[in-house]
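Everything below concerns the one structure shown next.
The values are calculated or read from the model by the stated rules, or taken from the named source; none is laboratory data. Values in this document were obtained by computation on a predicted structure and should not be read as measured data. All Cβ positions, glycine included, derive from the backbone under ideal geometry; neighbour counts span all protein chains shown. Remember, those area values only see protein heavy atoms, side chains included, never the ligands or the DNA or RNA. Shrake-Rupley method; radii C 1.70, N 1.55, O 1.52, S 1.80 Å.
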Amino acid sequence: QVLLVESGGGSARAGGSLRLSCAASGRTISNYAMGWFRQAPGKEREFVATISGSGGTTRYADSVKGRFTISRDNAKKTVYLQMSSLKPEDTAVYYCAAGWVAGTTRETYAYWGQGTQVTVSS
């Protein structure tokens, strides 16, 4: 069992930055790929970024490429999502997830956090 708790959400102006954190407890986090997804009101939950267990592989959605950076610190059992050049369309609840491979679909991930709200105003 892996428990995930997101933090760092909040409000920002367009063009601003926020950093999300995802703290994991339970099994050795380095065994898991970690992903970030987001869900805006009335929309499906969508892939944002993922990172392999070692941190050597990362993948991003086209909509955030060049603006968001995913990283991890396995010693601290924490995964981060640095978000820069924020846009109003980045407004969503952001979820952290853990799975066996660094995939881009929800089905890839077995464990999910409760989510943290990010609101970007123009």
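Side notes on the structure shown:
- Restricting attention to the stretch 85-108, the residues that are in contact with a Phe, Trp or Tyr (Cβ under 8 Å, 6 or more places away or on another chain) and either open to solvent by less than 10 Å² (accessible area, probe 1.4 Å) or more than 13 Å from Gly9 (Cα to Cα) (or both) total 11.
- Of all residues in the stretch 38-48, at least one satisfies being in contact (Cβ under 8 Å) with a residue 12 or more places away in the chain, within 13 Å of Thr116 (Cβ to Cβ) and not hydrophobic (A, V, I, L, M, F, W, C).
- Verdict on Gln1 being loosely packed, with under 12 Cβ neighbours inside 10 Å and not charged (D, E, K, R): yes
- Residues being small (Gly, Ala, Ser), open to solvent by 20 Å² or more (accessible area, probe 1.4 Å) and touching a Lys or Arg at 6+ places or on another chain (Cβ under 6 Å) - total across the stretch 23-56: 1
- Residue, least open to solvent (accessible area, probe 1.4 Å), within the stretch 68-84, restricted to residues that are farther than 13 Å from Ile51 by Cα and more than 13 Å from the chain's Cα centre (by Cα): Ser84
- Of the numbered criteria (1) in contact (Cβ under 8 Å) with a residue 24 or more places away in the chain; (2) closer than 13 Å to Gln82 by Cα, the one Gly66 fails is (1).
- Single unsatisfied condition, Val118 versus (1) in a strand (DSSP E or B); (2) over 17 Å from Ala14 (Cα atoms); (3) open to solvent by less than 70 Å² (accessible area, probe 1.4 Å): (2)
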